Amino acid sequence: MEKQEANSKLLQARKMYGRLLLFPLPAQGHINPMLQLANILYSKGFNITIIHTSFNFPNKSNYPHFTFEAIPEESLTGFPTRQGSVTKIVLLNKVCFDPFRDCVKRLLSNSSADDRIFCLITDALLYFTKDVADLLKLPRIVLRTSSLSAFHVYYLYPILLQKGYLSVKDSNSEAPVSEAEPLKVKDIPQTYQIEGEDLGMMIAEMMTGTKAASAILWNTFEELEQSVLPTIQQNFPIPSFTIGPFHKYFTASASSLLEQDKTAISWLDMQAPLSVLYVSFGSLAAIDKTEFFEMAWALANSKQKFLWVVRPGVIRGSEWLEPFPDGLQEAVSERGHIVKWAPQQEVLAHPATACFWSHCGWNSTLESICEGVPIICSPSFGDQPTNARYVEAVWKVGLVLENGIKREEIERAIRRVMIDQEGKEMRMRMSCLKKKVNLCLMEGGSSYKSLEGLVNFILSL
Ligand code: UDP
């Protein structure tokens, strides 16, 4: 409630400058930060137009202060929603070019002097927008929604390829990647093997598109990723603004594509402080039935309370919970509460939540850091293995399940984080990071200053 009031004050106290066009990648983990950024920039005095695809888009009525422009549905007909993520992104970059160009062209020609369009802000993965912006002579800023560290690993992709890391037979190799410490060979995402050709192309295009941008925005904060920031600034010598964590200004609830089940909170209200393990693998990661059983048995055997998000479709080949074998459901329901989708930020901020078993998407990782909740990491693809390795080896605020999803290892990890002294130490380090987050957002803090710099930069365009 307090947060909502503070948000509405922020929105009311705004100046009036001109307009920004924002274009998110249509996936939950990308929509959330882009819409949060939109609210931040609106509160700073910019009018906002969101350009979006007709699929995967949040409820517009949660954003009455924005203007929305949809890319015509017919231009995306036949877009394969079931392809692998990388292939989908590559295709999206092809099919959106014409309708997006037409849309921006129309918006530019309809804009007036007192509401002039300063620039386009697009997800870095929507690299085709570079050519549209060049064509229409519109400055373009990119938002990269991953961590700086994960972006750096993508930057190293050609070197990793050349050195043979991407064709390693043993995908569980513990060998270090000296070019990207503290990563191990097994942290190089498997996607590299599965969608290698498309991935290589997507990364190369993203890098070219980012280098050519007027500036880069990051949903992170300087103190968290100090070790890699100078390298990125050297490799991308354009203005770079670390203004996160975005969700500390505006929550992700308004841009949720799925309905958040509030019973998660009423159930947590009945639990003792620091007694609950929260389990969620985000909006895209999927597991097979065997992994689902291993998870369920581990949770039942751990003897800890748990709140488990089982997203419809997360178990490959199943609608929802139908693979539960007899007997297991009872064992699980004694100690746990299962929902399809949770108000995650509220869950992580709840006093009952002790630990987050996560796939380590960047939003989830940041949200956990901001609430001081240690993480058990089950990364699967993309930036997740890098985030997980940083959680364990750099920030030392959690641990990685090194052998996939195996019940004994999970039970041990739950004990280590929720009961043992080791877990208490992780929580203390998390509390230090949480304090740093609060400081970086205060007047004079690193993200605060960076945001001021961004506003001035946009006004100079
Ligand atoms: N999320 C949520 N409810 C859930 C699970 C996730 O609201 O039950 C939100 C979460 O707060 C985060 C986003 O969905 O903002 C997931 O983004 P992330 O980068 O962690 O993972 P992705 O879904 O992109 O893999």
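Just so it is clear, none of the values below were taken in a lab; they were calculated from the coordinates. Just so you know, these numbers come straight off a predicted model, no measurement behind them. All Cβ positions, even for glycine, are placed from backbone atoms using ideal geometry, and neighbour counts span all protein chains on display.
What does the convex hull of the Cα atoms of region 361-455 come to per residue, in Å³, rounded to a whole number?
Working: hull volume 9.0 nm³, N = 95.
Output value, Cα hull per residue: 95 Å³.
By how many nm would the segment from L461 to K105 grow when fully extended, if each residue of separation counts as 0.36 nm and the alpha-carbon distance is taken off? Display every interim value, and only then the final one.
On the way: separation 356, 0.36 × 356 = 128.16 nm, distance 1.82 nm.
Result: 126.3 nm gained on full extension.
Counting other C-beta atoms within 10 Å, which of S318, S147, S112 has the fewest, and how do the rest follow?
Ascending Cβ contact count within 10 Å gives the list S112, S318, S147.
What are the ³J(HN,Hα) couplings of region 96-103, residue after residue, when phi is run through the Karplus curve with 6.51, -1.76, 1.60 and θ = phi - 60°? Round to Hz, x for glycine and proline.
Result, ordered by residue: 7, 3, 4, x, 5, 4, 4, 5 Hz.
Using only Cα atoms, tell me the angle between helix 196-211 and the longest principal axis of the chain; keep it within 0 to 90° and round to the nearest 10.
That helix lies at roughly 50 degrees to the long axis.
Using only the alpha carbons of region 404-461, determine the length spanned along each of the three principal axes and report them from longest to shortest in whole angstroms.
The Cα atoms of region 404-461 stretch 57, 25, 8 Å along the principal axes, largest first.
Stokes-Einstein at 4 °C, 1.567 mPa s, Kirkwood radius from Cα pairs: D for the chain in µm² s⁻¹?
57 µm²/s
Can you return the aspartates and glutamates within cross-link range of K60? Criterion is Cα-Cα under 15 Å, with same-chain partners fewer than 8 residues away left out.
Output for K60: E69, E259.
In what order do H65, H247 fall by count of nearby beta-carbon atoms within 10 Å, going from fewest to most?
H65, H247
Scan the chain and report its longest stretch carrying no GluC sites (Glu not before Pro) that are both in a DSSP loop and have at most 11 other Cβ atoms within 10 Å. Write down the numbers at each step before the final one.
Details: sites that count: E174, E259, E319, E443.
Counting at most 11 other Cβ atoms within 10 Å as exposed, the longest clean stretch of the chain is 1-173.
At what distance in angstrom do the alpha carbon centres of region 228-296 and region 386-461 lie from each other?
Using only Cα atoms, the two centres lie 12 Å from each other.
Which of K340/K436; K44/K436; K305/K424; K262/K305; K248/K449; K305/K340 have a Cα-Cα distance over 21 Å?
K340/K436; K44/K436
Taking the beta-carbon count within 10 Å as an exposure proxy, list Y278, Y157 from fewest neighbours to most.
Details: Y278 25, Y157 20.
With the sparsest Cβ surroundings first, the list reads Y157, Y278.
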